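The structure appears right after this line, and notes come after that.
The values are calculated or read from the model by the stated rules, or taken from the named source; none is laboratory data. Worth saying up front: this structure is predicted, and the values here are computed from it rather than measured. So basically every Cβ, Gly included, is an ideal-geometry build from the backbone, and we count neighbours across all protein chains shown.
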């Protein structure tokens, strides 16, 4: 149940078109739904503006599709992240309208009613092409949450002129998500160039001493640029949710 439907329900009560007990019954209807392997929070959209997102990692294909089906049945669409190729294939065949992004490992089915739009643009900046899967996860999530997305791709500090050439694009953004592995230096560079919120996503891309992204994580946490926010390694989804809350808060 999304906030607009609840608002419409409350207006019906205020206008005398619906009695209070009927409205209460509708609001209370199945706030959670228990499956043998999951408990679905159907009031997540009411509290946070978007339905519960399905993490595909660690779930079987059958579990992912079943959860998606129960969420979609409410007209709220779904977003699945970290899905296996098998799960993505099944989701694409089961839900004809679903958008499948194999690089991002995501599947998105738009809800029956449009998601409120965020203010401005979320810019996703990637240090290297190898960081694209995490950047794509962020892009799919940001769009699903009602945002306009722009990109600067493969502009890492090994050729710093590339990111400097995108200065105009950087300054137009409302929020900048910077996705970088290896030495993880790019978030600090971008953080020193713009006055917008910068969210760093360290990735697990790199050689042995990168320790699976720990080096990039520590570099981002120790950024000398003021105000850089850091999410966990490879967490493009978390960065996009944080960015979306910023773009939506500015218009609430």
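Listing for the model above:
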item	result
Options 112, 87, 135: the member that is touching a residue at least 24 places away in the same chain (Cβ under 8 Å) and under 16 Å from the mean Cα position of the chain (by Cα)	135
Residue selected from the stretch 70-95 under the condition surrounded by fewer than 14 Cβ atoms within 10 Å (Cβ to Cβ) and modelled with pLDDT under 90, by the criterion nearest to residue 244 (Cα to Cα)	75
Criterion: touching a residue at least 40 places away in the same chain (Cβ under 8 Å), over 29 Å from residue 186 (Cα atoms) and in contact with a strand residue (DSSP E or B) (Cβ under 6 Å, 6 or more places away or on another chain) - qualifying residue of 56, 92	56
Extreme residue, surrounded by the fewest Cβ atoms within 10 Å (Cβ to Cβ), among residues of the stretch 199-234 that are under 20 Å from the mean Cα position of the chain (by Cα) and touching a residue at least 60 places away in the same chain (Cβ under 8 Å)	234
Tally, over the stretch 148-173, of residues that are within 22 Å of residue 238 (Cβ to Cβ) and either free of Cβ contacts under 8 Å to residues at least 12 places away in the same chain or part of a strand (DSSP E or B) (or both)	5
Hits in the stretch 161-176 (condition: surrounded by fewer than 15 Cβ atoms within 10 Å (Cβ to Cβ) and over 25 Å from the mean Cα position of the chain (by Cα))	161, 164, 165
Filter result for the condition that a residue is part of a loop (DSSP other than H, G, I, E, B) and surrounded by 22 or more Cβ atoms within 10 Å (Cβ to Cβ), over 139, 112, 104	104
Selection status of residue 176, at pLDDT 95 or above, closer than 18 Å to residue 234 by Cα and part of a strand (DSSP E or B)	yes
Matching residues in the stretch 119-136 - criterion: being surrounded by fewer than 24 Cβ atoms within 10 Å (Cβ to Cβ) and either in contact with a strand residue (DSSP E or B) (Cβ under 7 Å, 6 or more places away or on another chain) or assigned to a loop (DSSP other than H, G, I, E, B) (or both)	119, 120, 121, 128, 132, 136
